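Peer 1: Got a structure for you, written out below as structure tokens; questions coming shortly.
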Amino acid sequence: MKKKMTVLDFKKFKEEGRKFTYVTAYDYTTASIVNDSETEVILVGDSLGMVMLGYGSTTGVTLDDMIHHTRPVVKGAPDTFVVGDMPFGSYNVSVEDAIRSANRIIKEAGPDCVKLEGGVEFADTVAAITRAGVPVMGHIGLTPQTTSQLGGFKVQGGTPAGAAKLIADAKALEEAGAFSVVLECVPSVVAKAITQALTIPVLGIGAGPYVDCQVLVLQDMLGMFGDFKPKFVKRYAQLRRDMVEALNTFHRESLDGSFPSPEYSFNAKVEGYS
Ligand code: KIV
């Protein structure tokens, strides 16, 4: 059985050059499947807005939505480090409000840390939440909550100035006390420079092979989410196709009477009935 990672292990893994993996889950059953695998970390991401709730972006996800989905994941994955995402609007009003939101996620859902998007501009918030006793994972590069400011879902850090800004963001988060940083949609060479510059792990999604940990949205990597497929997603299974096939087999067998056979029926004799 795998041993659950702690916040301290993140630094240790980095020091030892040990790689690990990180996927999303938003419900009990999926979390329990991830818990049975060798995956070390689960993110209850606000991507649930798009993947689970059918929204066009993540900005409509509320703190209550995140707590509602994080609670069953914590229950389903007792051997896996669970990250609770802070949704848009839950940490950008004031530092006090951000601490209050982080406290709610930890107290009401029980993940091992929170994650929030933003670099230098949010370093004070990261420091304050960390000081308040909640470990914080940063998230820079393509930050889905603010794609309207970034001009859409685009690769970040593709110019010398953009790359320098990302390195400054990553450093600011590390100095503020973040124990790890997600780097999303960044050229591999820039991700490599950031990974080498930090003493905390860099968790890459669309950030190439040189980062400390690879991240994917589970419904993307298992071929369940069909609306679109980002370039960086490798499909390790075709569950959407398999699920549709299974549903069609159930439909056919139910209509032709081959389901339920005696094996799937209660066959007790009942007097007066035949
Ligand atoms: O919400 C999410 O799934 C994320 C990942 C893209 C890292 O933040």
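The values are calculated or read from the model by the stated rules, or taken from the named source; none is laboratory data. A quick note: this is a predicted structure, and the numbers were derived from the prediction, not measured. Cβ sites come from the backbone with ideal geometry, for glycine too, and all protein chains shown count toward neighbours. Heavy atoms of the whole protein, side chains included, go into the accessibility calculation; ligands, DNA and RNA do not. Shrake-Rupley method; radii C 1.70, N 1.55, O 1.52, S 1.80 Å.
Peer 1: Spelling out what I want: for every residue of the range 170-183, take phi, set θ = phi - 60°, compute 6.51 cos²θ - 1.76 cosθ + 1.60 (Karplus), and round to whole Hz; glycine and proline get x.
Peer 2: Calculated HN-Hα couplings, in order: 4, 5, 4, 5, 4, 5, 6, x, 4, 8, 5, 9, 7, 10 Hz.
Peer 1: Past 18 Å, Cα to Cα, is the threshold; run 171/192; 115/154; 165/192 against it and keep the listed order. Could you put the intermediate results ahead of the total?
Peer 2: On the way: 171/192 14 Å; 115/154 21 Å; 165/192 15 Å.
As for pairs spanning more than 18 Å Cα to Cα, those are 115/154.
Peer 1: Right, another one. Sorted by packing (mean other beta-carbon atoms within 10 Å per residue), highest first, where do 150-158, 1-9 land?
Peer 2: 150-158, 1-9
Peer 1: Length gain on complete extension for the stretch residue 124 to residue 161, per 0.36 nm per residue less the alpha carbon to alpha carbon distance?
Peer 2: Stretched fully, the residue 124-residue 161 segment lengthens by 11.0 nm.
Peer 1: Any chance you could check the Cα centroid distance between the range 47-96 and the range 203-263 for me, in angstrom?
Peer 2: 22
Peer 1: If you count only protein heavy atoms with a 1.4 Å probe, what accessible area per residue comes out for the range 174-258, rounded to a whole Å²?
Peer 2: I get 53 Å² per residue for the range 174-258.
Peer 1: Work out the charge dipole of the range 91-248 with +1 on the Cβ of Lys and Arg and -1 on the Cβ of Asp and Glu about the Cα centre, then indicate which of 123, 194, 101 is farthest towards its positive end.
Peer 2: Of the options given, the answer is 194.
Peer 1: Pick from 181, 93, 211: which is most flexible by mean-square fluctuation in a GNM of the chain where alpha carbon atoms under 10 Å apart are linked?
Peer 2: 93
Peer 1: Let me ask another. Whenever you get a sec, compute what percent of the accessible area on the range 7-237 sits on carbon and sulfur atoms (1.4 Å probe). Mind showing how you got there, number by number?
Peer 2: On the way: 5510 of 9800 Å².
Solvent-exposed carbon and sulfur of the range 7-237 make up 56 percent of the total.
Peer 1: Something else now. How do 38, 184 stack up against each other in accessible area, from largest to smallest, with a 1.4 angstrom probe? Mind showing how you got there, number by number?
Peer 2: Values: 38 160, 184 25 Å².
Result, largest first: 38, 184.
Peer 1: Same structure again: Under a 10 Å cutoff between Cα atoms, tell me which one of 95, 126, 41 has the largest fluctuation in the Gaussian network model of the chain.
Peer 2: So, out of 95, 126, 41, the one fluctuating most is 95.
Peer 1: Counting other Cβ atoms within 10 Å, keep those with at most 10, restrict to DSSP loop, and tell me which GluC sites (Glu not before Pro) in the range 186-274 are left.
Peer 2: Counting only loop positions with at most 10 other Cβ atoms within 10 Å, the GluC sites (Glu not before Pro) in the range 186-274 are 271.
Peer 1: The chain: percent of C-alpha pairs farther apart than 23 Å?
Peer 2: So the pairs more than 23 Å apart make up 55 percent of the total in the chain.
Peer 1: Hey, can you grab everything whose amide H is under 5 Å from the amide H of residue 182? Only 5+ residues off in sequence or another chain; H modelled, so Pro and N-termini drop out.
Peer 2: Those qualifying (amide H under 5 Å, at least 5 residues apart or on another chain) are 138, 139, 140, 203.
Peer 1: Still on this structure: When the dipole is taken about the Cα centre of the range 17-160, and only Lys, Arg (+1) and Asp, Glu (-1) are charged at their Cβ, what size is it in debye, to the nearest 20? Spell out each step's value before the answer.
Peer 2: Working: 10 positive and 16 negative charges, 32 e Å.
Charge dipole of the range 17-160: 160 debye, to the nearest 20.
Peer 1: Could you order 269, 75 by accessible surface area, starting with the largest, using a probe radius of 1.4 Å?
Peer 2: I get 269, 75, largest accessible area first.
Peer 1: For the range 86-99, what does the Karplus curve 6.51 cos²θ - 1.76 cosθ + 1.60, with θ = phi - 60°, yield as ³J(HN,Hα) per residue in whole Hz, taken in order and with x for Gly and Pro?
Peer 2: Residue by residue, the range 86-99 yields 8, x, 3, x, 9, 9, 9, 8, 7, 4, 4, 5, 5, 5 Hz.
Peer 1: GNM on the chain, C-alpha springs below 10 Å: top fluctuator among 112, 79, 64?
Peer 2: Among 112, 79, 64, the largest GNM mean-square fluctuation belongs to 64.
Peer 1: Suppose only helical runs count, i.e. DSSP H with n ≥ 4. What mean residue ellipticity at 222 nm does that imply for the chain under -39500 (n - 2.57) per run, divided by all residues and rounded to the nearest 500 deg cm²/dmol?
Peer 2: Result for the chain, helices only: -12500 deg cm²/dmol.
Peer 1: Which is farthest toward the positive dipole end of the range 1-87 among 25, 56, 39, measuring Cα position about the Cα centre, with Cβ charges +1 (Lys, Arg) and -1 (Asp, Glu)?
Peer 2: My answer, from the dipole projection, is 39.
Peer 1: Something else about it: Taking the Cα centre as origin and putting +1 on Lys and Arg beta-carbons and -1 on Asp and Glu beta-carbons, what dipole magnitude results for the chain, to the nearest 20 debye? Numbers along the way, then the final one.
Peer 2: On the way: 27 positive and 32 negative charges, 123 e Å.
Result for the chain is approximately 600 debye, rounded to the nearest 20.
Peer 1: Ok, one more. Between the helical axis of 188-197 and the dominant principal axis of the chain, each derived from Cα atoms, what acute angle in degrees is found, rounded to the nearest 10?
Peer 2: 60
Peer 1: Just how large is the dipole of the range 1-47 about the Cα centre, in debye to the nearest 20, putting +1 at every Lys and Arg Cβ and -1 at every Asp and Glu Cβ?
Peer 2: 280
Peer 1: 5 Å is the cut-off here: which amide hydrogens, built 1.01 Å from N in the peptide plane, fall below it relative to residue 224, excluding neighbours closer than 5 in sequence?
Peer 2: The answer is 239, 240.
Peer 1: Suppose the chain between residue 2 and residue 131 were pulled fully straight at 0.36 nm per residue; how much longer would it get relative to their current alpha carbon spacing? Display every interim value, and only then the final one.
Peer 2: Numbers: separation 129, 0.36 × 129 = 46.44 nm, distance 3.01 nm.
The residue 2-residue 131 span can extend by a further 43.4 nm.
Peer 1: Working from Cα positions, state the angle (0 to 90°, nearest 10) between the long axis of helix 63-76 and the longest principal axis of the chain.
Peer 2: The answer is roughly 60 degrees.
Peer 1: Moving on to the next point. Which whole-number percentage describes the relative contact order of the range 1-122, with Cα contacts under 8 Å and a sequence gap of 6 or more?
Peer 2: Relative contact order, the range 1-122: 26 percent.
Peer 1: Let me have the relative contact order for the chain, percent, based on Cα pairs under 8 Å that are six or more residues apart.
Peer 2: RCO, the chain: 15 percent.
Peer 1: Rounded to whole Hz and in sequence order, give me ³J(HN,Hα) for the range 145-162 from the Karplus expression 6.51 cos²θ - 1.76 cosθ + 1.60, θ = phi - 60°, writing x for Gly and Pro.
Peer 2: 5, 10, 5, 5, 6, 8, x, x, 7, 10, 4, 10, x, x, 10, x, 5, x
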